[in-house]
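Inspection log for the structure reproduced underneath, given as structure tokens.
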Amino acid sequence: MATDVHRPVTTHAVRVEGLTRSFGGRTVIGNLQLGVRPGEFVALLGRSGCGKSTLLRILAGLDRDIEGTVLVPRRRAVAFQAPRLMPWKKVWRNVLLGLPGKPERAVADQALEEVGLSHRSDAWPKTLSGGEAQRASLARALVREPDLLLLDEPFGALDALTRIKAQRLVGELWQRRGCAVLLVTHDVEEAVLLADRVLVMDGGVIAHEQRIDLDRPRDITDPRFAELRAALLTRLGVEPTAEAA
């Protein structure tokens, strides 16, 4: 029987014990254990279909058909690869979607300013670039003042330059806000660039953990960065190229 408790956890922002999730008799996550400390940035890597996004949906409270114990903060927010903006609402109204009560526009404007999008507050979503739409999605997450920010491939659909800018923005927001972050990504370099700790998921469990003890801001040309990236690629079953190694 599932125990899904959404409350602050003093020693962990996330604590998962014995988590199992099955679909049609097929186990996607099996007896998984996970802990994320308050303020920690954790990246989750793994092959497609390994259960990464399923785990994130469970932590977000979007999937409750589980076995095991999941302890997460009440204040949490999620941003997906697709910004999921309502096209019939202006950007600032999208930012306030789902908030209880009747929050004032100033709440949205403050979050949009934090992500560098205050000048597009009155725009319609269809007029936004991909990077702008993703920043609006981040602003919608930030207005919830989360203790836990869940990011599911948020940069996957962005071009290379916009992706770099978005990665930098998320790093700055995390350092300023101090919330715990769990980032699901396929990009090993992104994981090493942003995270305190990188987890590799395989076979429905956390199969490997790598602490990233590099100073910030991080330099992708640092030999230690390249070593960590190469080691993680090997864990994922990808032979690093000479350039990547």
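For the reader, a short list of remarks on this structure follows.
- Among the residues of the range 11-41, the ones that are open to solvent by less than 10 Å² (accessible area, probe 1.4 Å) and in contact with a Gly (Cβ under 9 Å, 6 or more places away or on another chain) come to 7 in all.
- Checking Gly68 against (1) assigned to a strand (DSSP E or B); (2) open to solvent by less than 60 Å² (accessible area, probe 1.4 Å); (3) without any contact (Cβ under 8 Å) to a residue 60 or more places away in the chain, the condition it does not meet: (3)
- Leu182 being open to solvent by less than 80 Å² (accessible area, probe 1.4 Å) and either more than 18 Å from the chain's Cα centre (by Cα) or of a type in the set (Ser, Thr, Tyr) (or both): no
Residues are listed down the side, and each one gets a yes or a no for (1) at pLDDT 95 or above; (2) surrounded by fewer than 16 Cβ atoms within 10 Å (Cβ to Cβ):
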position: Val192; (1), (2): yes, no
position: Arg197; (1), (2): yes, no
position: Arg211; (1), (2): yes, yes
position: Arg216; (1), (2): no, yes
position: Glu227; (1), (2): yes, yes
position: Arg235; (1), (2): no, no
position: Glu239; (1), (2): no, yes
position: Ala242; (1), (2): no, yes
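- Any hit, the range 155-162, residues being open to solvent by 30 Å² or more (accessible area, probe 1.4 Å) and within 30 Å of His12 (Cα to Cα): yes
- Boolean, Asp152 is out of contact with any Gly (no Cβ under 8 Å at 6 or more places or on another chain) and open to solvent by 50 Å² or more (accessible area, probe 1.4 Å): no
- Selection within the range 26-55 - within 13 Å of Val72 (Cα to Cα) and not small (Gly, Ala, Ser): Leu34, Val36, Arg37, Pro38, Leu55
- Residue match in the range 164-176 (condition: surrounded by fewer than 20 Cβ atoms within 10 Å (Cβ to Cβ) and outside any helix (DSSP H, G or I)): no
- Contact annotation: residue pairs with Cβ atoms under 6 Å, 6 or more positions apart or on different chains, pairing a residue in the range 135-164 that is of a type in the set (D, E, K, R) with a partner that is part of a helix (DSSP H, G or I), are Arg140/Val95; Asp152/Ser53; Asp152/Leu56.
- Residue list for the range 90-108, restricted to those being out of contact with any Ser or Thr (no Cβ under 6 Å at 6 or more places or on another chain), assigned to a helix (DSSP H, G or I) and either open to solvent by less than 50 Å² (accessible area, probe 1.4 Å) or within 12 Å of Arg140 (Cα to Cα) (or both): Arg93, Asn94, Val95, Val107, Ala108
- Contact map, the range 28-57: residues that are among the hydroxyl-bearing types (Ser, Thr, Tyr) paired with residues that are open to solvent by 50 Å² or more (accessible area, probe 1.4 Å), Cβ distance under 8 Å, separation 6+ or inter-chain. Pairs shown: Ser48/His186.
The values are calculated or read from the model by the stated rules, or taken from the named source; none is laboratory data. Everything numeric here is computed off the predicted structure, so don't read it as measured data. Neighbour counts run over all protein chains shown; Cβ positions are idealised from the backbone, glycine included. Protein only, heavy atoms only, side chains kept; ligands, DNA and RNA dropped before computing areas. Shrake-Rupley method; radii C 1.70, N 1.55, O 1.52, S 1.80 Å.
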